[in-house]
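These notes concern the structure reproduced below.
The values are calculated or read from the model by the stated rules, or taken from the named source; none is laboratory data. Predicted model, so just to flag it, every value in this text is computed and none were measured. For neighbour counting, all protein chains shown are included, and Cβ atoms are generated from backbone atoms with ideal geometry for every residue, glycine included.
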Amino acid sequence: MKYYLLLALAAVSAALISCEPAITGVRVDSTNLSFPGEGGTQTLKVKAGTAWEINVPADLNWLSVSPKSGTSSADVTVTASANKMKDQDRNVELVINYEGNQIRVNVNQAHGEGEPVFQLSQSSVEVGSEGGEFSVNVVSDAADYDVEINTKWITSVSRKGNRYDGETLTFSVAPNEKKEARTGVVSICTKSGTCNPVTVNQAAFSGATYEHLNVAFRYTATWCGHCPYMDETFHMVKERRDDFDFVTIHGSAGYPLYFNDSNSLMSAFQVSGFPTGIINGWKEFSNSHNVSANADNLENELDAFEKTFSCVAGVSVKSTVADGQIKVDAEVETSISGKYQVSAFLLESGIVEAQTYFPDNGPTTELKNFVHDNVARATLTASALGDAFDAVAGEKTSFTWSVTPDKSWNAKNLSVAVLVHRAYGDVKKNNKKYPDYYVANAALAPVGKSVEMKYEK
């Protein structure tokens, strides 16, 4: 009798077991997990009758999940590290994928306990006149921060690490070309407005400087009636001061004295009419019929240039003539290493060519015996805008060019102009559309003679 009773109980149990429904799809015991700031571990129970996989963001570094996939039910261990941010909670969404379906589990963690830390490794930096890089280490368990710089000669280079364990901020300081020291400030500020400043003190320039020659380009044409006024202005200023000379570019094709490379120069400097004067490749000079006032204004512009830029490039030039060919040798020395350009032109003066003239009173006049000076005849460099070269401070860079002058040019009135161009660096361009290089120095010498490099006393 007992035997039959046991069989009956076994049959009932088997029936009960076989009646439990099979698991289909995937279920979880919770779709929200919450952790305290100090972190911890929780178990997410996954009931599954099919394959599943948890998608964890690749850049998630504060939460770990194991296992991340399976083919049946499993206990998934979710571990959160301590939240070092003391004023900011954090959260992430875990996505469980199965058979084209998704279950989303939200994980939240409270912020850490205590007052936020916001510290810099230093509050001031000393940098030499040659410039360079410096780094600041930032430790912050507050919300993220911004970097503000109050000057253009300091720029941000990189950010490496994380702010909780220490993030390294690297900055670049441009060379100081001035004889005076300068100071800038890098402010590192949290979103809440707390700022820690880093004062950057840069030494005054102590390298060699050179005697400087300003060069203005005068864009003109023989049919331009206003152009003689600028020509007279440039001659007047050249007589007044030894640190000024000019180059004349005739830019109207089909008219006398046209310069073949004028188009590239005019395009680079946005020349759309005549006359146009460009000082040191830096600034346009305005023209009027009042020559004396023009000359005063030009001198003021030259003085402003001298205050803005130190002359950190020197140039020498000499030329010889043999078998009808002119050979030009030039040397450039700089006191600051970097990327430079050099351009060179063959000029002719004393050219008598008719010139249209608009007098203040009276009809338009043709000046038949007008004398044109420093007229560009040929470009010696590959580009009229300048050929690039790398300069090392204190070392000379040599250049050699050759040109065969046209037989119609007066050999006795030929001269050579060599211009050294330097990138603006931290100095703002006067015209954003101009080339990125200004004329740092120049030398003009008659063919057959030389100009030596001169250092500023």
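A few remarks follow.
This table checks each residue for (1) part of a strand (DSSP E or B); (2) touching a helix residue (DSSP H, G or I) at 6+ places or on another chain (Cβ under 9 Å).
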residue: Val147; (1), (2): yes, no
residue: Glu180; (1), (2): no, no
residue: Val186; (1), (2): yes, no
residue: Asn196; (1), (2): yes, no
residue: Thr199; (1), (2): yes, no
residue: Phe205; (1), (2): no, no
residue: Phe217; (1), (2): yes, yes
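- Exactly one residue among Thr379, Thr364, Thr400 is in the same structural domain as Glu284 (by TED's automatic domain parsing), surrounded by 13 or more Cβ atoms within 10 Å (Cβ to Cβ) and of a type in the set (Ser, Thr, Tyr), and that residue is Thr379.
- Residue in the stretch 21-32 that is under 49 Å from the mean Cα position of the chain (by Cα) and modelled with pLDDT of 95 or more present: yes
- Residue in the stretch 263-282 that is farthest from Leu298 (Cα to Cα), counting only those that are hydroxyl-bearing (Ser, Thr, Tyr) and surrounded by fewer than 22 Cβ atoms within 10 Å (Cβ to Cβ): Ser264
- Selected residue (criterion: nearest to the chain's Cα centre (by Cα)) from residues of the stretch 129-147 that are surrounded by 14 or more Cβ atoms within 10 Å (Cβ to Cβ) and small (Gly, Ala, Ser): Gly131
- All positions within the stretch 331-364 that are in a strand (DSSP E or B), more than 30 Å from Glu130 (Cβ to Cβ), in contact (Cβ under 8 Å) with a residue 24 or more places away in the chain and among the β-branched types (Val, Ile, Thr): Ile351, Thr356
- Condition check for Gly100: over 30 Å from Asn196 (Cβ atoms), surrounded by fewer than 18 Cβ atoms within 10 Å (Cβ to Cβ) and either in the same structural domain as Val139 (by TED's automatic domain parsing) or free of Cβ contacts under 8 Å to residues at least 12 places away in the same chain (or both): yes
- For the stretch 149-178, a residue qualifies if it is of a type outside the set (Val, Ile, Thr) and either within 30 Å of Val312 (Cα to Cα) or assigned by TED's automatic domain parsing to the domain that holds Lys429 (or both), and the qualifying residues are Asn150, Lys152, Trp153, Ser156, Ser158, Phe171, Ser172, Ala174, Pro175, Asn176, Glu177, Lys178.
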